[in-house]
Amino acid sequence: MCGIVAAVAQRNVQGILLEGLKRLEYRGYDSAGMTVLSSGALTRHRALGKVAALEERLANEALPGHCGIAHTRWATHGKPSEANAHPHHSRDSVAVVHNGIIENYEQIKEMLQGSGYTFTSDTDTEVIAHLLADKLTTGKTLFEATQEIVSGLGGAYALGVMSTHEPNVVVGARQGSPLVVGVGIDEAFLASDPLALLQVTDRFIYLEEGDLVELREHGVIRIVDRQGNVVERPVHTFEHGDGAASKGEYRHYMLKEIFEQPKVIEAALEGRMSASSVLVESFGPDAQALFQKTRQVHIIACGTSYHAGLVARYWLERYAGVPVQVEVASEYRYRHPVVPEGTLFVTLSQSGETADTLAALRFAKTLGYVGTLAICNVPGSSLVRESDMSLMTRAGPEIGVASTKAFTTQLIALLLLTLSVSKAKGQPEQPEILAGLQALPSLCQQVLGLDAQIEALSQAFAEKHHALFLGRGAHYPIALEGALKLKEISYIHAEAYPAGELKHGPLALVDSEMPVISVAPNDELLEKLKSNLQEVRARGGQLFVFADRKVGISAQEDIRVLELPEVHEALAPLLYTLPLQLLSYHVAVLKGTDVDQPRNLAKSVTVE
């Protein structure tokens, strides 16, 4: 969601901060701002809307200095406005940027108002600035003041703070929201995402829960844990080059990431299987023993990741013979779940910082699960660090808010999990699935070669306001994902149903103005699906069918068919995802929406 960038350097930091904000635009935001310490004073610019608006102000009135903080905001408390944009100041001596939510801000605000502090915004963040200003009047250092006030903050936060009391010092704090330190040469940086800093460093320290960090001149970095102990955190080299965060030859990040899927699927499989066997040890040295004890699996996720979990339920029950429960993290964490003996807890998250999923993991640790497994794209994330085992999806940076390659690599990881649990339990290997996995990148490339045909299909959606997606079996979650993509980036209202449910309500929606999109792989439910499609035709619906070329569904006046290559039925959900992603993309381009940064949405949801 919101983005933080901060720097203490030997050079002017305005350009570093601005470039960092541009690299964080993919996360979703409604305003941007920057404060730099210049000639002993805090100078600030804020702007509603895109970072470009802030850049225009900086072009007219620069903010030179060697120490600064900057932010992109996604509104939670207080509507989008310049007054509510970060950084927030207090008495011209303290500046604060904040990601997260301070749940007890109203009580703190009332106390501060009683002490004479005036509030100029509707945000929860402003209380932090005033609390710090108040503590600094007692002679404390900025680090000491931050350390003292965070103990009274309820909720989640990542903070970057600076003060005129200590020029060329930035203090950061992390509780429930991600924060990384960029390690430079005689320079130090702070950000909510390493992508923000790849123009200045590829070396990062991932702060842990409760950590406070102090950045000083000449690259001095000091980290203190929640107990107040000075600690050393490992420095990680970022695995992806700076170019991974650029669009290259593509018009949008989303399109680039769709076309990267053959490559990232190869990466997700590399070293984790041979031609004849899956390597259970890919999940960790204790995976074999843990999977042998696994009698049931609970999968917890949000959004697109939840749909991946729904597909995995079909795989795990069919090929590994274990019952599976899949839940939305925000619902699971507020239930009183019953955990059968031998249940494995699996979380899915692209960022590894999704607030509800992370909270669900922490809750699950109190419930007696046999173990916890995180499937994630970010190695240093909280979810990975706090789980017993983890498997990286290796999707690389995903900038587009609507997830594409992160979804397909999650599916790869979940299929590897299925095969590993099956193998650990002594069941026969699945050579046809293993062979299919090896061939999958090539098949995906073939499907992406149908892009021009899918773009032509998208023309039929240009004036539509609703769409219905249908699937059966493991393809019902793929229909859900297709509907989610269409609504996310084109703003067309889309719903998905199991095709067998048509007569139980959705059929009432079908008419000539309701396009119906279906996936039709060559599996055991094909004939039943064909019957469901005839129900749509009989009501005058316009069908768009993505079908295996051998299933015998032919194009007619009211049926448009796109033929896909033959694939093993276990792998069909992966392959059939791609044309739905491309369809959504081309419809959104026709509609003229913001494909990479759809309205009201954020890439990494780090608050409830």
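Among the residues of region 308-326, is any at pLDDT below 95 and in a helix (DSSP H, G or I)?
No, that holds for no residue.
Yes/no per residue for (1) surrounded by 19 or more Cβ atoms within 10 Å (Cβ to Cβ); (2) over 29 Å from the mean Cα position of the chain (by Cα):
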position: Asn104; (1), (2): no, no
position: Thr125; (1), (2): yes, no
position: Ile128; (1), (2): yes, no
position: Ala133; (1), (2): yes, yes
position: Leu142; (1), (2): yes, yes
position: Ala156; (1), (2): yes, no
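Got a sec? Which of Ala439, Ala460 is of a type in the set (Gly, Ala, Ser) and over 26 Å from Ser305 (Cβ atoms)?
When all the criteria are applied, what remains is Ala460.
I'd like to check something: does region 318-331 contain any residue that is under 26 Å from Tyr476 (Cβ atoms), surrounded by 20 or more Cβ atoms within 10 Å (Cβ to Cβ) and aromatic (Phe, Trp, Tyr)?
Checked region 318-331: no residue is under 26 Å from Tyr476 (Cβ atoms), surrounded by 20 or more Cβ atoms within 10 Å (Cβ to Cβ) and aromatic (Phe, Trp, Tyr).
For residues that are in contact (Cβ under 8 Å) with a residue 24 or more places away in the chain and farther than 19 Å from Gly154 by Cβ, tally how many sit in region 122-142.
Going through region 122-142 one residue at a time, the tally reaches 4.
Exactly one condition in (1) modelled with pLDDT under 95; (2) buried (at least 24 other Cβ atoms within 10 Å of the Cβ) is not met by Thr408; state its number.
Only one criterion is unmet by Thr408, namely (1).
Can you spot a residue in region 365-377 that is within 24 Å of Ile265 (Cα to Cα) and part of a loop (DSSP other than H, G, I, E, B)?
yes
Among the residues of region 385-395, which ones are more than 18 Å from Ala308 (Cα to Cα) and either surrounded by fewer than 20 Cβ atoms within 10 Å (Cβ to Cβ) or of a type in the set (A, V, I, L, M, F, W, C) (or both)?
Scanning region 385-395 gives Arg385, Glu386, Asp388, Met389.
Give region 183-241 a look and list any residue that's of a type in the set (S, T, N, Q) and assigned to a strand (DSSP E or B), or say none.
Scanning region 183-241 gives a single hit, Thr237.
Is it true that some residue in region 111-123 is outside any loop (DSSP other than H, G, I, E, B) and closer than 21 Å to Ala70 by Cβ?
no
For (1) at positive phi; (2) out of contact with any Phe, Trp or Tyr (no Cβ under 8 Å at 6 or more places or on another chain); (3) among the small types (Gly, Ala, Ser); (4) free of Cβ contacts under 8 Å to residues at least 24 places away in the same chain, each residue gets a yes or a no:
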| site | (1), (2), (3), (4) |
| --- | --- |
| Met34 | no, yes, no, no |
| Leu48 | no, yes, no, no |
| Arg57 | no, yes, no, yes |
| Ile69 | no, yes, no, no |
| Asn84 | no, yes, no, no |
| Ser90 | no, no, yes, no |
| Ser93 | no, yes, yes, no |
| Glu110 | no, yes, no, yes |
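Going through Glu281, Glu257, Glu266, Glu270 one at a time, which residue ends up being under 30 Å from Thr404 (Cβ atoms), acidic (Asp, Glu), under 26 Å from the mean Cα position of the chain (by Cα) and surrounded by fewer than 16 Cβ atoms within 10 Å (Cβ to Cβ)?
Values: Glu281 fails: under 26 Å from the mean Cα position of the chain (by Cα); Glu257 fails: surrounded by fewer than 16 Cβ atoms within 10 Å (Cβ to Cβ); Glu266 fails: surrounded by fewer than 16 Cβ atoms within 10 Å (Cβ to Cβ).
Testing whether each residue is under 30 Å from Thr404 (Cβ atoms), acidic (Asp, Glu), under 26 Å from the mean Cα position of the chain (by Cα) and surrounded by fewer than 16 Cβ atoms within 10 Å (Cβ to Cβ) leaves just Glu270.
Check Lys485, Lys503, Lys425 and return the single one that is assigned by the TED database to the domain that holds Gly400 and either at pLDDT below 95 or over 30 Å from Val278 (Cα atoms) (or both).
Lys425
Considering only region 379-485, give the helices (runs of 4 or more DSSP H) lying wholly within it that have at least 2 residues that are under 26 Å from the mean Cα position of the chain (by Cα). Before the answer, list the steps.
Details: elements: 382-386, 405-424, 431-448, 451-458.
It comes to 382-386, 405-424, 431-448.
Looking at region 473-496, I want the residues that are free of Cβ contacts under 8 Å to residues at least 40 places away in the same chain and have a partner that is in a helix (DSSP H, G or I) with Cβ atoms under 6 Å, at least 6 apart or on another chain. Which pairs are those?
Ala494/Ala483; Ala494/Leu486; Ala494/Lys487; Glu495/Ala483; Ala496/Ala479; Ala496/Leu480; Ala496/Ala483
Residue check: is Leu48 touching a Pro at 6+ places or on another chain (Cβ under 7 Å) and surrounded by fewer than 24 Cβ atoms within 10 Å (Cβ to Cβ)?
Here the answer is yes, as Leu48 does meet what is asked.
For residues in region 513-534 being in a loop (DSSP other than H, G, I, E, B) and at pLDDT 70 or above, which is surrounded by the most Cβ atoms within 10 Å (Cβ to Cβ)?
Of everything passing the filter in region 513-534, Pro521 is surrounded by the most Cβ atoms within 10 Å (Cβ to Cβ).
Inspect all residues belonging to region 351-363 and state whether any of them is more than 27 Å from Tyr576 (Cβ to Cβ), surrounded by 24 or more Cβ atoms within 10 Å (Cβ to Cβ) and of a type in the set (D, E, K, R).
Scanning region 351-363, I find at least one residue that is more than 27 Å from Tyr576 (Cβ to Cβ), surrounded by 24 or more Cβ atoms within 10 Å (Cβ to Cβ) and of a type in the set (D, E, K, R), so the answer is yes.
The values are calculated or read from the model by the stated rules, or taken from the named source; none is laboratory data. Remember, it's a predicted structure, so these values are computed and weren't measured experimentally. Because the Cβ atoms are built from the backbone with ideal geometry, glycine has one as well, and the counts that use them run over all protein chains shown.
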